[in-house]
Amino acid sequence: MLRGCAVGGLLAVIGCSVAALELKAVRVAHGLVHPWSLAFLPDGRFLVTERPGRMRIVGKDGQVGEPVAGLPPIDADRQCGLLDVALDPKFGENRLVYWSYAEPAANGQSGNGVAVARGRLDGQRLNQVQVIFRQLPKVKSSLHCGSRLVFAPDGKLFVTLGERYSRKEDAQNPTNHLGKVVRIKPDGGVPQDNPMVHTAGAKPEIWSMGHRNVQGAAINPWTGELWASEHGPQGGDELNVVAAGRNYGWPLVTYGRNYVTGTRIGEEGPKPGFEMPLRHWVPSSVAPSGMAFLSSDRYPGWKGSLFLGTLRAQVLLRLELDGRRVLKEERLLRSLNERIRDVRQSSNGWLYILTDSADGQLLRLEPSE
């Protein structure tokens, strides 16, 4: 159970208790408008995206900077807008930042699609901006954009892509990028060991298919595998290990149900040719978002746990793992009453979360003394 979680002013402390571990959540910054993602700059500052289409640098003192200049046009509406942000693994040398966003269709046409761009961060400006990936086709939708960016240990970049809600059947169609996880080189090139490179008609960037709306992804630091969480419809949220060439079922195999009616969408499985989730949430959705593995010793007894932010449940999930088995689930920070959009572990081992609201906060979680 949690005790006495109340938010005060800037750098205020929220006192909590979870089992034998006492926590405090330190508010580093607030006033962020629907913040979506977080990256840690080497000098201790924070790079934060806001879904309405702004990227900001937050100082170590919690001051929120003016919007970073140089972003391309962004179609921000409902679930889509400026989404994930990631630093190049060699950021200290090249200053490259990558971000995913809803890109409006060109030449006045309708629709949008998730794109990935990169640029060099020079002060408050992104220079030499290049779009390195575009989701095809463009769709007229403001739903199910995804999207997370994750660098693998080999330097390749994973991009998670939603099926845009109205196009769920396309998640099973390898000739498009809807409802897929793709794998690209840092410059947008296609790795020749991608599973569908030699499949006629298939998009060569595809790593896996059959996804609905993947909003959480992280590399398991002990195995190098990509883990991801995705939104089901009414129930049926999933946690998966996302492997090359595998099919994760949507909408043919799912624990989810149709909205309102609660009727079945596909089969529950298992079914040959489709991967079953490591964990799923029924009958109610938790709406999992950003996720992070804890590899530090900052939180006694929690090393090796997987943490997931949630939107609908408004809690931070801690999953205790044994390899790929989920042994235990804890629901933390209930009294915040906030949608938790992202969770990240910094280089010094602290966990940080972003709350998704018009007055979004950046919070650091620490054990109490």
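The values are calculated or read from the model by the stated rules, or taken from the named source; none is laboratory data. From a predicted model like this one, the values you see are computed outputs, not experimental measurements. Because the Cβ atoms are built from the backbone with ideal geometry, glycine has one as well, and the counts that use them run over all protein chains shown. All accessible areas refer to the heavy atoms of the entire protein, side chains included, with ligands and DNA or RNA removed. Shrake-Rupley method; radii C 1.70, N 1.55, O 1.52, S 1.80 Å.
The residue list D84, D75 contains one member that is in a loop (DSSP other than H, G, I, E, B) and among the acidic types (D, E), which is D75.
Out of the range 247-262, which residues are open to solvent by less than 60 Å² (accessible area, probe 1.4 Å), at negative phi and not in a strand (DSSP E or B)?
Scanning the range 247-262 gives Y248, W250, P251, T254, Y255, G256, N258.
Would you check if G349 is exposed (fewer than 14 other Cβ atoms within 10 Å of the Cβ), touching a Lys or Arg at 6+ places or on another chain (Cβ under 8 Å), closer than 23 Å to D84 by Cα and modelled with pLDDT of 95 or more?
On the way: exposed (fewer than 14 other Cβ atoms within 10 Å of the Cβ): yes; touching a Lys or Arg at 6+ places or on another chain (Cβ under 8 Å): yes; closer than 23 Å to D84 by Cα: yes; modelled with pLDDT of 95 or more: yes.
When the stated conditions are applied, G349 passes them.
The residue pairs whose first member lies in the range 56-84 and is more than 30 Å from N213 (Cβ to Cβ), whose second member is among the small types (G, A, S), and whose beta carbons are closer than 6 Å, counting only pairs six or more residues apart or on different chains, are K60/G44; G62/A29.
The numbered conditions (1) open to solvent by 50 Å² or more (accessible area, probe 1.4 Å); (2) farther than 30 Å from E163 by Cβ are all true for K138 except (2).
Exactly one residue out of G62, G81, G53 is open to solvent by less than 30 Å² (accessible area, probe 1.4 Å), more than 22 Å from R148 (Cβ to Cβ) and out of contact with any helix residue (DSSP H, G or I) (no Cβ under 7 Å at 6 or more places or on another chain): that is G62.
Collect the residues in the range 116-172 that are at positive phi and within 21 Å of the chain's Cα centre (by Cα), keeping them in residue-number order. First the steps, then the outcome.
Residues of the range 116-172 at positive phi: 123, 128, 144, 146, 155, 164-165.
Within the range 116-172, H144, G146, G155, R164, Y165 qualify.
Within the range 141-169, the set of residues being surrounded by 16 or more Cβ atoms within 10 Å (Cβ to Cβ) and touching a Gly at 6+ places or on another chain (Cβ under 6 Å) comprises H144, C145, G146, T160, L161, G162, E163.
Within the range 293-312, the set of residues being touching a Gly at 6+ places or on another chain (Cβ under 9 Å) and surrounded by fewer than 22 Cβ atoms within 10 Å (Cβ to Cβ) comprises F293, L294, S295, S296, D297, R298, Y299. Checking G179, G201, G210, G188 one by one, the residue that is in contact with a Ser or Thr (Cβ under 7 Å, 6 or more places away or on another chain) and at positive phi is G201 and no other.
Every residue, every condition in (1) touching a helix residue (DSSP H, G or I) at 6+ places or on another chain (Cβ under 6 Å); (2) assigned to a strand (DSSP E or B); (3) within 23 Å of N220 (Cβ to Cβ), yes or no:
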| site | (1), (2), (3) |
| --- | --- |
| D297 | no, no, yes |
| P300 | no, no, yes |
| K328 | no, yes, yes |
| D342 | no, yes, yes |
| S347 | no, no, yes |
| I353 | no, yes, yes |
| A358 | no, no, no |
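Each residue in the range 105-126 was checked for being open to solvent by 50 Å² or more (accessible area, probe 1.4 Å) and in contact (Cβ under 8 Å) with a residue 12 or more places away in the chain, and 6 of them qualify. A Cβ distance below 6 Å, combined with a sequence gap of six or more or placement on separate chains, defines the contacts here; from the range 289-309, residues that are under 16 Å from R324 (Cα atoms) and in contact (Cβ under 8 Å) with a residue 12 or more places away in the chain reach residues that are among the small types (G, A, S) and part of a loop (DSSP other than H, G, I, E, B) in the pairs L294/S305. When every residue of the range 178-185 is checked against the conditions, none turns out to be open to solvent by 10 Å² or more (accessible area, probe 1.4 Å), out of contact with any strand residue (DSSP E or B) (no Cβ under 9 Å at 6 or more places or on another chain) and either of a type outside the set (G, A, S) or within 29 Å of Q345 (Cα to Cα) (or both).
Every test in (1) at pLDDT 95 or above; (2) more than 27 Å from A202 (Cα to Cα); (3) out of contact with any helix residue (DSSP H, G or I) (no Cβ under 8 Å at 6 or more places or on another chain) is passed by K271 save one, and that test is (2).
Filtered by the rule that a residue be surrounded by fewer than 20 Cβ atoms within 10 Å (Cβ to Cβ) and either among the acidic types (D, E) or within 15 Å of the chain's Cα centre (by Cα) (or both), the range 313-325 gives E320, D322. Residues in the range 192-225 that are in contact (Cβ under 8 Å) with a residue 60 or more places away in the chain and small (G, A, S) were compared, and the one that is surrounded by the fewest Cβ atoms within 10 Å (Cβ to Cβ) is G224. Just a yes or no: is a residue in the range 228-235 at pLDDT below 95 and in a strand (DSSP E or B)? Looking through the range 228-235, at least one residue is at pLDDT below 95 and in a strand (DSSP E or B). Could we say that R364 is of a type in the set (D, E, K, R) and in contact (Cβ under 8 Å) with a residue 24 or more places away in the chain here? Spelling it out, R364 is indeed of a type in the set (D, E, K, R) and in contact (Cβ under 8 Å) with a residue 24 or more places away in the chain.
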